[in-house]
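Q: Please see the structure below; I have some questions.
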Amino acid sequence: MVKKEEILDILNKYDKDITIATLGSHTALHILKGAKLEGFSTLCITVKGRDIPYKRFGVADKFLYVDNFKDIAKEEVQEKLREMNSIIIPHGSFIAYCGLDNIENNFLVPMFGNRKILRWEAERNLEGKLLKEANLRIPKRFKPEEIDRTVIVKFPGARGGRGYFIANSKEDYYKKINLLKEKGLIDDKDAENAHIEEYVVGTNFCLHFFYSPLKDEVELLGIDRRYESNIDGLVRIPAKDQLDIDISASYVITGNIPVVIRESLLPEVFNMGDKLVEAAKKIVPPGIIGPFCLQTLCTENLELIVFEMSARIDGGTNSFMNGSPYSFLYSGEPLSMGQRIAREIKLALKLNRLEEIIS
Ligand code: ATP
């Protein structure tokens, strides 16, 4: 694991002009825009062709070109990032391309947040442990023989909902698993590691929080719901026609829609955010720093069931680049998650407390 002292040594060598850097993908637009609005210099790590949005929207002061996104872990790239006094903001794509092993052991660039917690959201078993420790409601899990209701079946690794399927019984489950194997879409190992959980019939709310260690406070900055293919197209086909066509549903996220939750649910929403922050402090000290997300389904009994979490900025924050109804309530201005991160770094610099929010 990268040692905190090594990172602090690097930070001590930085001069005052910090650069906020991230990989040009995922949530980079508002991370960089937010940093610029807070007066930081910004850097987009990119490959030819993928730089277009960051150029066209003018959110990056500097570009660092690599041949392949995977090269961000290379020593020479790290060296350049350090030369520019960079603080990296990790997001889903950054983590995927840099790789958790590299982030944990080789990536010697100061990073906003707690790099140790990233594995806890990436691996389903660790994620489940953290959610349980936080005492949050999660979908009931099943072994194939136990299936007694509608379940959703997920496979290991971040597949973005690809290949997930619904089953209504043990027999249905095995039939569909065998079909996927026959088509070569999964192998025996995938089948063994299939994660089977109760299909929660409810409405989707992805809750975007920010925990400020400097203020010791959990803020709710926005909520989105997911726009998924092909399921959101499939449900536009009348039921009787659906039965005639042979299309399996998939849950690939293609977009995000901003949403607000009924106001009477907000006490519970804050309670859930607080509980996760407390649990993370215990299990992966110093815990969550900055953005995190709880992906929930709200049942007709108004219970919020958490089916997934992110312990870093989540893609759904793109739904409020110009602020959300909730972030507006804090500052009376259109605050994005990216700008909130930059604001925390700015405050830490002012208070000389950067080491509390960096790893
Ligand atoms: P990502 O990590 O990119 O968010 P993922 O591959 O981990 O995606 P999930 O977020 O677990 O996938 O699920 C994708 C979608 O599947 C959800 O947005 C939701 O529509 C549906 N889904 C997942 N779990 C459940 C559940 N228990 N009940 C009902 N629907 C679910």
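Q: Would you mind telling me which numbered condition in (1) touching a strand residue (DSSP E or B) at 6+ places or on another chain (Cβ under 6 Å); (2) under 21 Å from Glu308 (Cα atoms); (3) of a type in the set (Asp, Glu) Asp61 fails?
A: For Asp61, the failing item is (2).
Q: Just one of (1) buried (at least 16 other Cβ atoms within 10 Å of the Cβ); (2) within 16 Å of the ligand (Cβ to nearest atom) trips up Leu100, so point out which.
A: It is condition (1) that Leu100 fails.
The rows are residues; the columns are (1) touching a helix residue (DSSP H, G or I) at 6+ places or on another chain (Cβ under 7 Å); (2) charged (D, E, K, R); (3) at pLDDT 95 or above.
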residue: Met321; (1), (2), (3): yes, no, yes
residue: Tyr326; (1), (2), (3): no, no, yes
residue: Leu329; (1), (2), (3): no, no, yes
residue: Gly332; (1), (2), (3): no, no, yes
residue: Leu335; (1), (2), (3): yes, no, yes
residue: Ala342; (1), (2), (3): yes, no, yes
residue: Lys346; (1), (2), (3): no, yes, yes
residue: Lys350; (1), (2), (3): no, yes, yes
residue: Ile358; (1), (2), (3): yes, no, yes
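Yes/no per residue for (1) farther than 19 Å from Ile313 by Cα; (2) surrounded by 14 or more Cβ atoms within 10 Å (Cβ to Cβ); (3) touching a Phe, Trp or Tyr at 6+ places or on another chain (Cβ under 8 Å); (4) not assigned by TED's automatic domain parsing to the domain that holds Met321:
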site: Ile177; (1), (2), (3), (4): yes, yes, no, yes
site: Pro213; (1), (2), (3), (4): no, yes, no, no
site: Ile223; (1), (2), (3), (4): no, yes, yes, no
site: Phe270; (1), (2), (3), (4): no, yes, no, no
site: Ala279; (1), (2), (3), (4): no, yes, no, no
site: Pro285; (1), (2), (3), (4): no, no, no, no
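Q: Can you confirm whether region 262-270 contains a residue that is without any contact (Cβ under 8 Å) to a residue 12 or more places away in the chain, aromatic (Phe, Trp, Tyr), over 30 Å from Val235 (Cα atoms) and more than 13 Å from the ligand (Cβ to nearest atom)?
A: No - not one qualifying residue is present in region 262-270.
Q: Say whether the condition of being more than 16 Å from the ligand (Cβ to nearest atom), more than 22 Å from Ile89 (Cα to Cα) and at pLDDT 95 or above is met by at least one residue in region 298-307. Please lay out each step first, then the result.
A: Filtering region 298-307 down to residues more than 16 Å from the ligand (Cβ to nearest atom) leaves 302.
In the following step, the residues that additionally are more than 22 Å from Ile89 (Cα to Cα) were identified as 302.
From what is left, the residues that are at pLDDT 95 or above are 302.
Checked region 298-307: at least one residue is more than 16 Å from the ligand (Cβ to nearest atom), more than 22 Å from Ile89 (Cα to Cα) and at pLDDT 95 or above.
Q: Which one of these is assigned by TED's automatic domain parsing to the domain that holds Glu278, of a type in the set (D, E, K, R) and either more than 19 Å from Gly316 (Cβ to Cβ) or in contact with a Pro (Cβ under 6 Å, 6 or more places away or on another chain) (or both): Glu217, Glu146, Glu171, Glu182? First the steps, then the outcome.
A: On the way: Glu146 fails: assigned by TED's automatic domain parsing to the domain that holds Glu278; Glu171 fails: assigned by TED's automatic domain parsing to the domain that holds Glu278; Glu182 fails: assigned by TED's automatic domain parsing to the domain that holds Glu278.
Just one listed residue meets the conditions, Glu217.
Q: Is it true that Asp148 is within 30 Å of Asn12 (Cβ to Cβ) and either part of a helix (DSSP H, G or I) or within 16 Å of the ligand (Cβ to nearest atom) (or both)? So that I can check it myself, show each step before the final result.
A: Details: within 30 Å of Asn12 (Cβ to Cβ): no; either part of a helix (DSSP H, G or I) or within 16 Å of the ligand (Cβ to nearest atom) (or both): yes.
For Asp148, the condition - within 30 Å of Asn12 (Cβ to Cβ) and either part of a helix (DSSP H, G or I) or within 16 Å of the ligand (Cβ to nearest atom) (or both) - is not met.
Q: Another question about this same structure. So which of Ile117, Ile152 is under 24 Å from Ile289 (Cα atoms), touching a residue at least 12 places away in the same chain (Cβ under 8 Å) and not assigned by TED's automatic domain parsing to the domain that holds Lys275? If you could, list the steps in order and put the result at the bottom.
A: Details: Ile152 fails: under 24 Å from Ile289 (Cα atoms).
Every option except Ile117 fails the conditions.
Q: Is it fair to say Asn322 is in a loop (DSSP other than H, G, I, E, B), under 20 Å from the mean Cα position of the chain (by Cα) and of a type outside the set (D, E, K, R)? Quick ask: steps written out before the conclusion?
A: Values: in a loop (DSSP other than H, G, I, E, B): yes; under 20 Å from the mean Cα position of the chain (by Cα): yes; of a type outside the set (D, E, K, R): yes.
Yes, satisfied.
Q: Hey, any hits in region 277-291 for a residue that's part of a loop (DSSP other than H, G, I, E, B) and either in contact with a Pro (Cβ under 6 Å, 6 or more places away or on another chain) or within 16 Å of the ligand (Cβ to nearest atom) (or both)? Don't jump to the end; show me each part of the working.
A: The initial filter retains those residues of region 277-291 that are part of a loop (DSSP other than H, G, I, E, B), namely 284-289.
If we keep only those that are either in contact with a Pro (Cβ under 6 Å, 6 or more places away or on another chain) or within 16 Å of the ligand (Cβ to nearest atom) (or both) too, we end up with 289.
Yes: one or more hits.
Q: Could we say that Lys16 is surrounded by fewer than 19 Cβ atoms within 10 Å (Cβ to Cβ) and assigned by TED's automatic domain parsing to the domain that holds Asn102 here? Break it down stepwise before answering.
A: Working: surrounded by fewer than 19 Cβ atoms within 10 Å (Cβ to Cβ): yes; assigned by TED's automatic domain parsing to the domain that holds Asn102: yes.
Judged against the criteria, Lys16 is a match.
Q: If His208 satisfies all but one of (1) surrounded by 15 or more Cβ atoms within 10 Å (Cβ to Cβ); (2) modelled with pLDDT of 90 or more; (3) outside the structural domain of Glu303 (by TED's automatic domain parsing), what's the number of the condition it fails?
A: (3)
Q: Would you point out the residue of region 312-332, among those that are among the aliphatic types (A, V, I, L, M) and closer than 21 Å to Thr254 by Cα, that is nearest to the ligand (Cβ to nearest atom)?
A: Going residue by residue through region 312-332, those that are among the aliphatic types (A, V, I, L, M) are 313, 321, 329.
Now restrict to residues that are closer than 21 Å to Thr254 by Cα: 313, 321.
Working: Ile313: 13, Met321: 19 Å.
Checking each candidate, the answer is Ile313.
Q: OK, next. Quick one: which strands (runs of 3 or more DSSP E) sit completely within region 153-254 and have at least 1 residues that are away from the ligand (no atom under 16 Å from the Cβ) and under 26 Å from the mean Cα position of the chain (by Cα)? Step through it out loud before you land on a result.
A: Working: elements: 165-167, 195-198, 203-212, 217-230.
Those strands (runs of 3 or more DSSP E) span 203-212, 217-230.
Q: Pairs needed: first member in region 188-202, closer than 22 Å to Ile138 by Cα; second member anywhere, within 13 Å of the ligand (Cβ to nearest atom) and of a type in the set (Gly, Ala, Ser); C-beta distance under 8 Å; at least 6 residues apart or different chains.
A: That search, which allows pairs on different chains as well, returns Ile196/Ala167.
The values are calculated or read from the model by the stated rules, or taken from the named source; none is laboratory data. Because the structure is predicted, anything quoted here is derived from the model rather than measured. Cβ: placed from backbone, ideal geometry, glycine included. Neighbour counts: every protein chain shown.
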